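Readers should treat all values here as calculations from the given coordinates under stated rules, not as data from a laboratory. Computed from a predicted structure; not experimentally measured. Here the Cβ positions follow ideal geometry from the backbone for every residue, glycine too, while neighbour counts run over all protein chains shown.
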Amino acid sequence: MPTTQQHQTHRRGIVLILSSPSGAGKTTLTRMLLQDRSLDLTLSISVTTRARRSSEVDSIHYRFITERQFETMRDAGELLEWAEVHGNSYGTPRGPVEAILAQGRDALFDIDYQGTQQVREKMGTDTVAIFLLPPSMKELRARLERRAEDANSVIERRLENARNEIRRWTQYDYVLVNDDLQRTFDDLLAILRAERQRRLRRNKSLEEFVARLLSE
């Protein structure tokens, strides 16, 4: 009798994008996804021209490169997405992501709506974009205040930025309201499992499998 492993078909990996306003739970949910080893998700590592902080490790938090190196990668089309933030450049190299997807594994992105647009333009149907909404602006404010990390002026700016990001919700494949962390995590798992089984990701190997079935 054939084993379960023999029935499995190979697939191309997914670029799984999580976006949300600050305080809506993206960082926590990203960590939960990565901690579940059975999911075999790889967090994409960005390159940046800013100086490394003492708490950061090169090639784990970021790859720290020079402005000249960044410009060379950008001009050669080697970045899936890039942006300039507070005078520093950030971007995602395409090569490592392509290698992950070719192995049938999935790359997890924690980026904003602008980065999402750039990645989708380059990766097309490999991309699955999920946007996380807070249950209310009142709750979003409360979450930002509970952090006790920012001055009131900074919180107000984050809330204004959040409104701008929330207006982009139609640019995403899935939109989840994060009013219960465990339920939202379960919804993310359901999306991931369903997307992994989509025919377009498994088309070549399914063709081969179906041909073998019909030849029996």
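Observations on the model:
- Between Glu56 and Ser153, full extension at 0.36 nm per residue minus the direct alpha carbon distance yields a gain of 32.2 nm.
- Between Ile191 and Asp40, the contour length at 0.36 nm per residue exceeds the Cα-Cα span by 52.9 nm.
- Qualifying lysines (Cα of each under 24 Å from Cα of Lys138; at least 8 residues distant if same chain): Lys26
- Glu139-Ala211 FRET efficiency (beta carbon distance; Förster radius 45 Å; 0.05 resolution): 0.25
- Relative contact order, percent, the chain [alpha-carbon distance under 8 Å, six or more residues apart]: 31
- The GluC sites (Glu not before Pro) of the stretch 33-118 that DSSP puts in a loop, and whose beta carbon has at most 14 other beta carbons within 10 Å, are Glu56.
- Interchain or long-range residues, amide H under 5 Å from Arg50's placed H: Ser89
- Charge dipole magnitude, Cβ of K and R +1, D and E -1 - the chain, Cα centre, debye nearest 20: 220
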